[in-house]
Amino acid sequence: MFRTWRQKITLTDILVWVIGLSIAAVVIWGTISTLQSGKYSAESWFDLVVKGLALGGVYALIAMGYTLVYGILRMINFAHSEVFMSGPFTAVFLANALNNSGFLNRYPLLGILAVAVLSMAVSMSVAVLVERVAYRPLRNAPRLVPLITAIGASFFLQYTFRGFYGSGFEAYPTIEALNGAWQLGTVRLFKTQVVVILAAIVMMFMLYAIVMWSKLGKAMRAVSEDKEAAALMGIDVDGIIVFTFALGGAAAGAGGVLYILQFPVVHFYMGFIPGLKAFTSAVLGGIGNVPGAFLGAMVLGLLESVGPNLFLDGLGIPVASQLKDAIAFIILVFILIFRPSGILGERLTQTKV
Amino acid sequence: MQNKYTDWKQALRSGLLGGVIVVVLSLIGIVAAFINTYVIHDVISLGELLILGPVMALSLTAIRKATNKQPGFLLLTAAISGLASGLVILALAGLGQVINLRAMFLNASPDLYAIYAYQQAPIPGLLLRLLVCVIVSLLTAGFTLLPARIKTALGQGLLYIVVIGLMGRLITMMLSNWGFVAILFQWMFAANSLSLIGAIVLFLLTAGLAYWRYGRPKVKRITDPKKQKVVRWGTLAGLGVILIFLPNILGLWFSEILDNVGLFILMGLGLNIVVGFAGLLDLGYVAFYAIGAYTIGVLTSPELGFFNWTFWQAFPVALLMAFISGLLLGLPILKMRGDYLAIVTLGFGEIIRILVLSDWLKPWLGGTQGIQRIQRPVIGIEGVWTRTLTSQQDLYYLILAGIIVVAFVAIRLRDSRLGRTWMALREDEDVAVAMGINHVATKLTAFAMGALFSGIGGTLFAAKIGSIYPSSFQFLVSINILSLIIVGGMGSIPGVFVGALALIGLPELLREFAEYRYLFYGAALVAMMLTKPEGLWPEARHRLELHEEATPPPEAEAEPATENA
């Protein structure tokens, strides 16, 4: 009995737990001291929460691409952050053209819809193209190989778009209808954030419906269970994989539009950080799981917007918001260590991870 | 009948794809950027090659895929493919005349259309372009119909023209240091590229040589162990002499490039242990580079004023820091494999960069302003003879010494028991563990050794630049190093040198490439994985594997990854 206990728990496990617990202690201590200092009012906390949820909505839509592709191919589509970038970076030209002609402010809904459709179409094409060129020829290769092509494709896409549209920043026009905030008692709600959260929820629901209730979605789930068996049942596996990439790409393009509603500037490198965070949220919620991606993204968005103020401010760290990306990555590392299956994920065997 | 129909379609599709590739390359801006980078002076430029290359390549695929192999039919297929490509190019030029594409695509400029039209008036110029596309496709088809011996000879000749032509500026620059030798070769080069006469002579020479050598037995391999030893030590000694005098031969400007290549070789050797030997894909490798550099910075810079140590006092501390952080990062990720490992290490690299950039650690690490006035290394004995290594040429020797030590350690590690356990773990983790390999210790040592080598790279970088900024430690550096070991061949030590020369050296040398370096890296990574996953200079074990089997299946050719899903 004693021997098995000793064999099970190694020195490395203990060290990892010690590191984990000490970070948890620091976080708790920081939280308590922040709350005690009373530096932030309830209204500012509410602001941060709404901001976090809006951010989470964007992450959720990007995370869909990671989750769907992982579910089917058991690989991380590293180029997905560039799929996300390509949509809004292309649609900015349409948005500016619409703005110059005055269309965008006359019919804001139609205008945003047009921009969204273009953004989704571009992201979708890029995703399908990446699958065709970089992944399909390597379907039976060792796992490291498609990962490396994915990194290569990611860089190639970044610098292709840099070549196309230049290395500078492009600004989206402001939409008057979405300016300002609603005042509800003492709290205020920014219009863009409300629109983003609602749109994200609606789109996530649509994606869920496609995956769970449509025939194509059923085929997707069949392929993700067992490719050979699905092929024997008459499912066009390659076609379903293309559809998966297209669906993930379209979601990323839509996420891109929600992203630029909050941060109206695009450039060729913009995909990297959101892509990494979306991946984090997919892992946090349980990769391969659609509701999990949504939940993970919302949690990550909240932690990222509330976290620096809540955890770090109390520790006396100046300009704690600079460290918000570090928080996201630390969360990623710790989920992967302590619960690689995520919040809602199936219990993956270790070999699968 | 059906067959022919699909052949037409195939030709058309290839042609359209070729045209689209040319259009994309043009819109990225490469074509216009290289239009004045001549291969043969005033005859053909790299930009023109970038237009004609895809057209030719895709008509070649059309020919290869054609089911009907009659010469006349193949010529027709190529012509159709070339025509289709030409029409796509024309379509872009035409579209550009009608609407202003430039509002969106920066490079859809009148210059580009003028290049398409050979600087002529649009209508005759573009028709000429179409004709040229068809002609080069026909030439490609004609080339495939030639006997193998002539094909090899022609191919070799053309290859040498392109390579030497692109290197023209470098060769002329190098020659200018040498006085009388320069005069001997002057006629071959004109304004940074080959002259027409030079190209013709070069072509005749190389093609003739290839024609003569075709089918003749290759130089015999020396099998006598004693002679082998002599040859080996002889080449090593020769290489050593060349390496010692290299900065003097090449001049200052080249020394700077050599230093950069050297630093990347150092770090490549380290990452090669982690990725190549142990099969752990580490994307946060730059973190250890940063840790090495920053430790030196903090310990030696008088600006921060904590320690004011000398370089050599700080050096072991920096290595220790890198080593320990390698261990610390290794600990939590032991259980992960493949893609998860990649993402976590990437996250770690970013965490380090964010921390360095933050205001929080600014008093210690300098924030965005970085650390200036880092102590340069001093060699010699106090009071007898000392020399501060500041110039690029001095540092070359320091870096060279570092590479020799690190390469020696890497080779010995590879052949040691530890190296074999790394490779066993890479090939199949479960089997390796079942065989009694302690995977915890093995992975940790791989990580820590890799981190240590990267730390050495970081310290030398700090010594070389004299001031460090967070912007030097971006994710891109990790990608650089990863690309070079993949292009060279994962797990192969000579491959690291080849990869560094090809990916770091070449873009620095061909200044025009610098802008498109990462585009080129990305494409190289994808292309290598698709066509030659074992790399340019594969590891001996892989080569043996390939040699044993008569027709290796694609899986066996693929590089070594442990993961099986």
query: Can you list the helices (runs of 4 or more DSSP H) found entirely within the stretch B:300-370 that contain at least 3 residues being touching a helix residue (DSSP H, G or I) at 6+ places or on another chain (Cβ under 6 Å) and either within 13 Å of another protein chain (Cβ to nearest Cβ) or buried (at least 23 other Cβ atoms within 10 Å of the Cβ) (or both)?
result: B:311-330, B:338-357
field: Criterion (of a type outside the set (D, E, K, R) and within 22 Å of the chain's Cα centre (by Cα)) met by exactly one of A:Gly166, A:Gly152
entry: A:Gly152
- prompt: Quick one: would you say B:Gly383 is open to solvent by 10 Å² or more (accessible area, probe 1.4 Å) and either free of Cβ contacts under 8 Å to residues at least 60 places away in the same chain or touching a strand residue (DSSP E or B) at 6+ places or on another chain (Cβ under 7 Å) (or both)?
  reply: yes
task: Collect the residues in the stretch B:49-99 that are surrounded by 15 or more Cβ atoms within 10 Å (Cβ to Cβ) and β-branched (Val, Ile, Thr), keeping them in residue-number order.
output: B:Ile51, B:Val55, B:Thr61, B:Ile63, B:Thr77, B:Ile80, B:Val88, B:Ile89
query: If you check B:Phe520, B:Phe497, which single one turns out to be within 13 Å of chain A (Cβ to nearest Cβ), modelled with pLDDT of 80 or more and open to solvent by 50 Å² or more (accessible area, probe 1.4 Å)?
result: B:Phe520
- line: Taking the stretch B:427-443 and keeping residues touching a residue at least 12 places away in the same chain (Cβ under 8 Å) and charged (D, E, K, R) leaves B:Glu427, B:Asp428, B:Glu429, B:Lys443
- prompt: Which of the residues belonging to the stretch B:211-230 are without any contact (Cβ under 8 Å) to a residue 60 or more places away in the chain and assigned to a loop (DSSP other than H, G, I, E, B)?
  reply: B:Arg216, B:Pro217, B:Lys218, B:Val219, B:Lys220, B:Arg221, B:Ile222, B:Thr223, B:Asp224
query: Of the residues B:Ser109, B:Ser85, B:Ser81, which single one is over 18 Å from B:Leu52 (Cβ atoms) and among the hydroxyl-bearing types (Ser, Thr, Tyr)?
result: B:Ser109
message: Going residue by residue through the stretch B:529-539, is there one that turns out to be away from chain A (no Cβ under 14 Å), surrounded by fewer than 24 Cβ atoms within 10 Å (Cβ to Cβ) and within 14 Å of the chain's Cα centre (by Cα)?
response: yes
query: Which of the residues spanning the stretch B:462-480 are of a type in the set (Phe, Trp, Tyr) and either closer than 19 Å to B:Asp259 by Cβ or surrounded by fewer than 17 Cβ atoms within 10 Å (Cβ to Cβ) (or both)?
result: B:Tyr469, B:Phe473
- request: Give, as residue ranges, the helices (runs of 4 or more DSSP H) completely inside the stretch A:19-115 that count at least 1 residues that are modelled with pLDDT under 85 and more than 24 Å from A:Ala209 (Cα to Cα).
  value: A:42-73, A:103-106
field: Leading residue by the ranking (nearest to A:Tyr259 (Cα to Cα)) among those in the stretch A:83-114 that are in contact with a Leu (Cβ under 6 Å, 6 or more places away or on another chain) and away from chain B (no Cβ under 14 Å)
entry: A:Gly111
- request: Tell me, please, whether a residue that is at the interface with chain B (Cβ under 8 Å from one of its Cβ atoms), in a helix (DSSP H, G or I) and of a type outside the set (D, E, K, R) can be found in the stretch A:300-320.
  value: yes
field: Failed item in (1) part of a loop (DSSP other than H, G, I, E, B); (2) over 16 Å from B:Ala114 (Cα atoms), with B:Ile35 passing the rest
entry: (2)
- prompt: Somewhere in the stretch A:259-270, is a residue away from chain B (no Cβ under 14 Å), of a type in the set (A, V, I, L, M, F, W, C) and free of Cβ contacts under 8 Å to residues at least 12 places away in the same chain?
  reply: yes
message: Could you go through the stretch A:10-25 and let me know if any residue there is crowded, with 19+ Cβ neighbours inside 10 Å and of a type in the set (A, V, I, L, M).
response: yes
message: I'm checking my understanding of the structure. Among residues of the stretch A:177-206 that are of a type in the set (Val, Ile, Thr) and open to solvent by 70 Å² or more (accessible area, probe 1.4 Å), which one is farthest from A:Gly52 (Cα to Cα)?
response: A:Thr186
message: closer than 24 Å to A:Ser224 by Cα and in a helix (DSSP H, G or I): is that true of A:Ser119 in this structure?
response: no
message: Suppose we filter the stretch A:315-330 for residues that are surrounded by fewer than 22 Cβ atoms within 10 Å (Cβ to Cβ), touching a residue at least 12 places away in the same chain (Cβ under 8 Å) and small (Gly, Ala, Ser); how many remain?
response: 1
- request: Look at A:Val117 and say whether it is surrounded by fewer than 20 Cβ atoms within 10 Å (Cβ to Cβ), away from chain B (no Cβ under 14 Å) and touching a residue at least 24 places away in the same chain (Cβ under 8 Å).
  value: no
message: Can you go through B:Gly240, B:Gly208, B:Gly198, B:Gly234 and tell me which one is under 20 Å from B:Val43 (Cα atoms), assigned to a helix (DSSP H, G or I) and not aromatic (Phe, Trp, Tyr)?
response: B:Gly198
- request: Run down B:Ala446, B:Ala407, B:Ala424 and say which single residue is under 18 Å from B:Ser492 (Cα atoms), open to solvent by 10 Å² or more (accessible area, probe 1.4 Å) and touching a residue at least 24 places away in the same chain (Cβ under 8 Å).
  value: B:Ala407
query: assigned to a loop (DSSP other than H, G, I, E, B) and surrounded by fewer than 17 Cβ atoms within 10 Å (Cβ to Cβ): does that describe B:Gln120?
result: yes
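The values are calculated or read from the model by the stated rules, or taken from the named source; none is laboratory data. Note that the structure is predicted; figures quoted are calculated from it, not measured. Virtual Cβ from ideal backbone geometry, glycine too; neighbours counted across all protein chains shown. The accessibility values were calculated without ligands, DNA or RNA, using every heavy atom of the protein model including side chains. Shrake-Rupley method; radii C 1.70, N 1.55, O 1.52, S 1.80 Å.
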